[in-house]
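What follows is one structure encoded as structure tokens, with my remarks underneath.
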Amino acid sequence: MDIKPSIRSNIFMNAHPLGCQKYILEQVNQAKTFESFKGPKNVLIIGGSSGYGLGSRIALAFNAHANTINVSFETAPRQNRTGTAGWWNNIYFQKYAKATGNIHKDFVGDAFSTEMKQQVVHYIQENFKTVDLVIYSLAAGARKDEATGNIIKSHIKTIGLPAEGKTIDIADLSIKDLVIQPATEEETKETVFVMGGSDWKDWIDTLDQAGVLSEGVKTISYTYIGGTITDTIYRGGTLGKAKEDLERKALLMNEMLSKKYHGEALISSSKAVVTKASVFIPKMPIYVSCLFEVMTKYSVHESILEHKYRLYKDMVYGQKRIVDDLKRIRLDHLEMDEKIQKETATLMDKHTDESLFELSGTKRFLKDFHQIHGFQLEGIDYDADVNMDELSLLQPE
Ligand code: NAI
């Protein structure tokens, strides 16, 4: 099969399996250059096939030498479809993680479902007995309501007034004006149902009731706070309401886990990076491009892997935790630095047209977006035919 990038509305419609393999290998090789740290033994990651969940998995598998279980929703290749990047990430993570000598298991299916939770519990009982860390890193556009059978969708909208802004159209490399409409009350509720904390809490309750949480267990999820630049579309919008719910659930679970297991439930506010979820949010592509430019200038830019490695080494299992008054770990302190925010805003005001594409930050943004789908990686011959029949035989383990 000839595989060339296919992008529609800032969503990649395909992935390059061999490029994904290279992407994983590069991260694994980078992780191997980092120091080891003492962390958890058995980790469950919900949403570990891409983005922050995958970065967490690689850091914990290669630097804390943990066993990992990953639950993700990915699509296998079939007919003339390549399969999703996360599908290939799972397969190639397994390939390179074999050398760790630890156990790494993948479940591909709907993490929101009771059935998946039961399957994972059963696997833990049979293989690990208990888990020491549960990472909840889902980014989903929809969730089935098991009570009614309805599919509920999330909405990326403002609350109150509409907002005008600009975004990058990645397919034709242009800047587009956009108006984001305010959500109805129902739409806000639906977004909280999909992206809030109720399913995270369901996972922890299920694991608790099944007796598969270790003494001292920790659970963590990733929020985004951002500043005035992203406020209207993120923190002040429907996604912000979902994140407030996630953060409230963390406080509730923290009470239970600390009493019963001397454990903790944590929230880490993570920096804006390029993932399939973040690029989809209007305005984020321009913000992230300018942010990358400024953070690189001050030598504080971090890749997804570096960011998550620092989270676990320094702030979850180390002694360098930075928390705010709502008890959230502020791993995003470099992004939120006043000087960084101010210069990012200035750059955004200056580059409201195609001149944005001349910035090295924008080039890095575009490259990252291609690379997370297996494109623009060095050493891959993108003109060569990809033998999908052979690759289709590979299955998650
Ligand atoms: P991503 O799109 O790269 O990864 C999402 C993961 O969720 C994938 O593994 C996918 O397979 C899985 N998933 C989605 N629906 C599922 C389902 N029904 N069942 C099982 N798995 C499912 O997203 P990203 O950006 O890594 O997001 C992870 C978390 O980090 C989100 O909560 C997001 O809000 C948060 N975050 C992301 C930031 C960013 O800039 N990307 C910044 C701060 C927080």
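The values are calculated or read from the model by the stated rules, or taken from the named source; none is laboratory data. Every value quoted in this text rests on a predicted model; they were computed, and no experiment measured them. Cβ atoms come from the backbone with ideal geometry, glycine included; neighbour counts cover every protein chain shown. When the accessible area is computed, the model is the full protein with side chains, heavy atoms only, and any ligands, DNA or RNA have been set aside. Shrake-Rupley method; radii C 1.70, N 1.55, O 1.52, S 1.80 Å.
Within 21 Å of the chain's Cα centre (by Cα), more than 12 Å from the ligand (Cβ to nearest atom) and closer than 25 Å to residue 5 by Cβ - does that describe any residue in region 98-109?
Within region 98-109 (the criterion being within 21 Å of the chain's Cα centre (by Cα), more than 12 Å from the ligand (Cβ to nearest atom) and closer than 25 Å to residue 5 by Cβ), the answer is no, since none of the residues qualifies.
Given 261, 287, which one is of a type in the set (Phe, Trp, Tyr) and surrounded by 21 or more Cβ atoms within 10 Å (Cβ to Cβ)?
287
For every residue, the table says whether it meets (1) closer than 15 Å to residue 92 by Cβ; (2) surrounded by fewer than 21 Cβ atoms within 10 Å (Cβ to Cβ); (3) under 20 Å from the mean Cα position of the chain (by Cα); (4) aliphatic (A, V, I, L, M).
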| position | (1), (2), (3), (4) |
| --- | --- |
| 8 | no, yes, no, no |
| 17 | yes, no, yes, no |
| 22 | yes, yes, yes, no |
| 38 | no, yes, no, no |
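Please go through region 242-276 and pick out each residue that is assigned to a helix (DSSP H, G or I), touching a residue at least 60 places away in the same chain (Cβ under 8 Å) and away from the ligand (no atom under 13 Å from the Cβ).
251, 254 - these are the residues of region 242-276 that are assigned to a helix (DSSP H, G or I), touching a residue at least 60 places away in the same chain (Cβ under 8 Å) and away from the ligand (no atom under 13 Å from the Cβ).
Of all residues in region 190-240, which are in a loop (DSSP other than H, G, I, E, B) and touching a Gly at 6+ places or on another chain (Cβ under 6 Å)?
Within region 190-240, 234, 235 meet the criteria.
Do you know which of the residues in region 67-80 that are modelled with pLDDT of 95 or more and part of a strand (DSSP E or B) is nearest to the ligand (Cβ to nearest atom)?
Selected residue: 72.
Tell me, which residue of region 96-128 that is in a loop (DSSP other than H, G, I, E, B) and touching a strand residue (DSSP E or B) at 6+ places or on another chain (Cβ under 8 Å) is most open to solvent (accessible area, probe 1.4 Å)?
That would be 103.
Residue 33 - would you say it is away from the ligand (no atom under 15 Å from the Cβ), without any contact (Cβ under 8 Å) to a residue 24 or more places away in the chain and among the hydroxyl-bearing types (Ser, Thr, Tyr)?
Criteria met by residue 33.
Here are the criteria: (1) of a type outside the set (Phe, Trp, Tyr); (2) open to solvent by less than 10 Å² (accessible area, probe 1.4 Å); (3) outside any strand (DSSP E or B); (4) within 14 Å of the ligand (Cβ to nearest atom). Tell me which single one residue 45 does not satisfy.
(3)
Residue by residue, here is whether (1) within 24 Å of residue 24 (Cβ to Cβ); (2) part of a helix (DSSP H, G or I); (3) open to solvent by 50 Å² or more (accessible area, probe 1.4 Å) holds:
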residue: 294; (1), (2), (3): no, yes, no
residue: 299; (1), (2), (3): no, no, yes
residue: 306; (1), (2), (3): yes, yes, yes
residue: 310; (1), (2), (3): yes, yes, no
residue: 321; (1), (2), (3): no, no, yes
residue: 341; (1), (2), (3): no, yes, no
residue: 344; (1), (2), (3): no, yes, no
residue: 352; (1), (2), (3): no, no, yes
residue: 361; (1), (2), (3): no, yes, no
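Out of region 190-235, which residues are open to solvent by 10 Å² or more (accessible area, probe 1.4 Å) and aromatic (Phe, Trp, Tyr)?
Correct list: 193, 222, 224, 234.
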